[in-house]
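Below is one structure, written out as structure tokens; comments come after it.
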Amino acid sequence: MDQNVKSTLTTRTRDDAHSILSGGTKNPRAYLAFLGPAVVASIAYTDPGNFATNIQAGAQYGYNLLWVVLMANLVAMLFQALSAKLGIVTGRNLAEMCRDQFSKPVAYAMWVASEIAAMATDLAEFLGGAIGLSLLFGLPLLWGMAIVAIVISGILAFEQRGFRPIELVVGALVALIALCYLAELVLAPIDWRAAAKHAVTPKIDDSRALMLAVGIIGATVMPHAVFLHSSLTQSRTPPRNADERRKLVRFSNIEVVVALAVAGAVNMAMVMMASAAFHAGHSDVAEIETAYHTLTPLLGGFAATAFLVSLLASGVASSVVGTMAGQIIMQGFVGFSIPVWVRRLVTMAPAFVIVAMGYDSTQALVMSQVILSIALPVPMIALLMFTGRRDIMGEHVNGPATRIAAALGAAIVLALNVVLILSAIGAPIPGLS
């Protein structure tokens, strides 16, 4: 039975993709075979860390930080496309390329930084799913965490049936999150004119807004997603010649734009919902739990339930993807793999420790996103280096416009990180109170 499922899903998907690439079919349904890697990676852009940072941004600053969400999503599109291209062209993922191209000390240092980022990722994702389950069914948080761990293990078992089943499961959860936030936008009294204005008008009110802006970037442009995407494309549909490789890169770019446009729209919807519901009279809302309880009298029980369902789906799906990314990072950098259950046990530990010690869970989610933003330059700079080398990429080397745009995106992230560090140590920053 398992072999039949693998044949009818994974093998058929690969066959459909090769048929399109070779010009053997014009069936529009066959193009769905290229939909998968970017959808899986996109869950990283709607994970519980996004819920935490976006709720705080909308509640405290209204629509003012929407431009940060839009900018971060555009940067994410570019770097996810570059990551996917690296895997397609070289047949190697980003972590493997780092191990091959850098000296051992540099590669190991990058691995340590990436592992810390992966643990921060798992903290946000696993804890967020547990919060959603706990609030939805009234369970103790530790029980919710245990149930989420079991569900994640069950979903990861689909990997044994090839890449397609796991893509479909994650894709269904992404669709559920998007539908929940579509409902939120219908129910919340959005000021669309103000939202449109602030989506394109840069503004940072104070140092707290700066930290949230960096957190939004850390929650949107995810280090583990940059690593993972190159792995998802490296052997999914191996191109058989240069023409197929060119087509595959083009289809990959289209998928990245579509998948991350949906993820970006969900992120902006989170900020707009929080702004419309909380900013005017409940700007002190800073916790996911408080947001849920406050939503019920403001927008009704359906809105509150949709919020929790989307949070739970986000936590489960992003934890699955985070585990996959953790395996890729470890195996790619050091050349060996460890059992998934060991990896899951290690990365679950910080979430359990935080809950057991009584730390504020939402604040832990926000701080995890700041850690991710600080770790983000590691894969960004490496990806820029590799995709800019003709000896590695051949005809697919980055053009001048792509190099400039990617360098600018990396520079913005680095600059925000420097300002955040200066703010954290109390150094005066012009223009910020």
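Nothing in this text is a laboratory measurement; each read-out follows from the coordinates by a stated rule. Nothing here was measured: the structure is a model prediction, and the numbers come from that model. Glycine gets a Cβ as well: all are built from the backbone with ideal geometry, and neighbour counts include every protein chain shown.
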Requested in this report: Give the order of R29, R246, R99, R236 when sorted by the count of other beta carbons within 10 angstrom, beginning with the fewest.
Outcome: R29, R246, R99, R236
**Report entry** Dipole of the chain, positive end: most advanced residue of M385, V266, A107 [Cβ charges, Cα centre]
**Finding:** M385
Query raised in the report: By count of other Cβ within 10 Å, fewest leading, how are E96, E244, E184 ordered?
Result: E244, E96, E184
Query raised in the report: Given (1) 27.4; (2) 20.0; (3) 21.3, which label gives mean projected area of the Cα convex hull in nm² as computed from the coordinates?
Result: (3)
Report summary line: So for segment 70-111, using the alpha carbon gyration tensor with a ≥ b ≥ c as root eigenvalues (a/c under 1.5 gives rounded; past that, a/b versus b/c decides prolate or oblate), I'd call it oblate
Report summary line: Calc'd 3J(HN,Hα), segment 66-82, phi into Karplus 6.51 cos²θ - 1.76 cosθ + 1.60 (θ = phi - 60°), Hz, glycine/Pro = x, comes to 4, 4, 5, 4, 5, 4, 4, 5, 5, 4, 4, 4, 5, 6, 5, 5, 5
Query raised in the report: When we measure straight from the Cα of K247, which lysines land under 23 angstrom away, once same-chain ones fewer than 8 places off are left out?
Result: K26, K85
Query raised in the report: Near K104, which aspartates and glutamates are there with a Cα under 19 Å away, not counting those fewer than 8 places off in the same chain?
Result: E96, E115
Requested in this report: Could you tell me how many degrees, from 0 to 90 and to the nearest 10, lie between the Cα long axis of helix 242-274 and the main elongation axis, the longest principal axis, of the Cα atoms of the chain?
Outcome: 10
Report task. Quick one: what are the phi-derived ³J(HN,Hα) couplings along segment 222-237, Karplus 6.51/-1.76/1.60 with θ = phi - 60°, whole Hz, x for glycine and proline? Result -> 9, x, 5, 5, 5, 5, 5, 4, 5, 6, 5, 9, 5, 9, 5, 9
**Report entry** Fully extended contour minus Cα-Cα distance, from V334 to A261, at 0.36 nm per residue
**Finding:** 22.9 nm
Query raised in the report: Got a sec? How would H282, H396 order by Cβ neighbour count within 10 Å, fewest to most?
Result: H282, H396
**Report entry** Whole-number D in µm²/s for segment 44-102 (Stokes-Einstein; Kirkwood sum over Cα pairs; 4 °C, 1.567 mPa s)
**Finding:** 94
Requested in this report: Might you report the magnitude of the Cβ-based charge dipole of the chain about its Cα centre, with Lys and Arg at +1 and Asp and Glu at -1, to the nearest 20 debye?
Outcome: 1340
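Per-residue ellipticity at 222 nm for the chain, helices alone: DSSP H runs ≥ 4 residues times -39500 (n - 2.57), over residue total, nearest 500 deg cm²/dmol?
Numbers: 20 runs with 328 residues, N = 433.
It lands at -25000 deg cm²/dmol.
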Report summary line: Counting only backbone N atoms under 18 Å from a point 7 Å out along Cα-to-Cβ of V106, the residues of segment 391-410 in range are 391-393
Report summary line: To the nearest 20 debye, segment 100-224 has a Cα-centred charge dipole, built from +1 on Lys and Arg Cβ and -1 on Asp and Glu Cβ, of 180
Query raised in the report: Tilt of helix 141-156 relative to the longest C-alpha principal axis of the chain, in degrees (0 to 90, nearest 10)?
Result: 20
